[in-house]
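Worksheet: one structure, shown below.
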């Protein structure tokens, strides 16, 4: 097969043909021409045009490289008359409107930028970083428009830090299908308002369960916009608050100890926070010795392990009395961190008790948060929020590529 024939078939040319393939200092140049008598398409509406008005000057499009040589397409576009749009530049089959890169090159750039940073992708294709960013934004816009959509029934909502200074992004995740649904800047009431404007009242009616942390803004927005949905508080965040209470008690004990007792207590943070089945033999022996002492941290450790038993209950008739009994123990433990934790649980008791019936957690969303951080670390951060959100959609959204 001749090179001209291969290029013509790979570009799927019908009304055009390859007239010449030459080489110059910039690389391989493929010259394309219009076949007189073949109908062209309007560049605006892509409908067949009635006739050709005149030819424009030469334009060039960068295509995928031919081995180690860059490949450029050269063509003089026609201005055609469309009965719907008037006189417009024709639609060329190898590139989109206003583009100077072919669709094949843009698709390859978008595919590689999912695995590498945009700067590394630009270096591989010998392009400018801004060109790669534009290609990714185009791919994300196309993917959001063409992604398959099914009704949302179980969603998870959480925030992820984007930079220093308490700056966050809000992520909404479809826990039933394990896919990203929406990304928004900040985590305030305006952010939730933008999410529900995007969701719309029709799609909001299909949401049955919402899983999230105990952030007051999320709770207020969900109860106002989704009054029929069940609100479940994420197990991960509840245990996170519990571990903070244990660690605060440990710090208080550390400040009171002196001498040899302080040396034996040193470097024991993870002994108190780990699950018992994750402890090594040496750690088990050391923890057993520490538990024989009469210190507040021992009471905190036993309260923590007693609370963890709640997650094993499968019947609300048993789980609710047990949790209320544990709250009484924590309130009378003479440990201020556990008293504050008990007040927090009582304030959100309904959402925590629903765990026994619904068994919904944000574990998949926490995994997504780690992927989002990898996207940021791979690029060493993003200056603009919009660019960061685009990178999140491209790397974690599982969007179809054009």
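The equivalent ellipsoid that matches the C-alpha gyration tensor of the chain spans semi-axes of 61, 26, 16 angstrom, in descending order. Residue ranges 388-398, 324-334, 165-175, 261-271 sort as 388-398, 165-175, 324-334, 261-271 when ordered by packing (mean number of other C-beta atoms within 10 Å per residue, highest first).
Here the relative contact order of the chain, from alpha carbon pairs under 8 Å that lie six or more residues apart, stands at 13 percent. GNM on the chain, alpha-carbon springs under 10 angstrom: the most fluctuating residue among 162, 340, 97 is 97. Its convex hull of Cα atoms gives the stretch 1-100 a direction-averaged projected area, equal to a quarter of the hull surface, of 6.5 nm².
If you wrap the stretch 101-146's Cα atoms in a convex hull and average its projection over all directions, what's the area in nm²? Kindly include the intermediate steps, with their values, before the conclusion.
On the way: hull surface 11.6 nm².
In nm², the orientation-averaged hull projection of the stretch 101-146 is 2.9.
Please find, in a Gaussian network model of the chain (springs between Cα atoms separated by less than 10 Å), the residue of 244, 343, 256 whose mean-square fluctuation is greatest. Looking only at 244, 343, 256, the biggest GNM fluctuation is shown by 256.
Once a ≥ b ≥ c are taken as the square roots of the eigenvalues of the Cα gyration tensor of the stretch 236-358, is the result rounded (a/c under 1.5), prolate (a/b larger than b/c) or oblate (a/b not larger than b/c)? Prolate shape, in that a/c is at least 1.5 and a/b is the bigger ratio. For the residues 205, 255, 346, a GNM of the chain with alpha-carbon springs under 10 Å puts the largest fluctuation on 255.
Using helices alone, I'd like the mean residue ellipticity at 222 nm for the chain: each DSSP H run of four-plus residues gives -39500 (n - 2.57), total over residue count, nearest 500.
On the way: 17 runs with 193 residues, N = 402.
Estimated from H runs of four or more residues: -14500 deg cm²/dmol.
Values in this text are rule-based calculations from the coordinates and carry no lab data. All values derive from a computational prediction rather than experimental measurement. Positions of Cβ are backbone-derived with ideal geometry, glycine not excepted, and every protein chain shown enters the neighbour counts.
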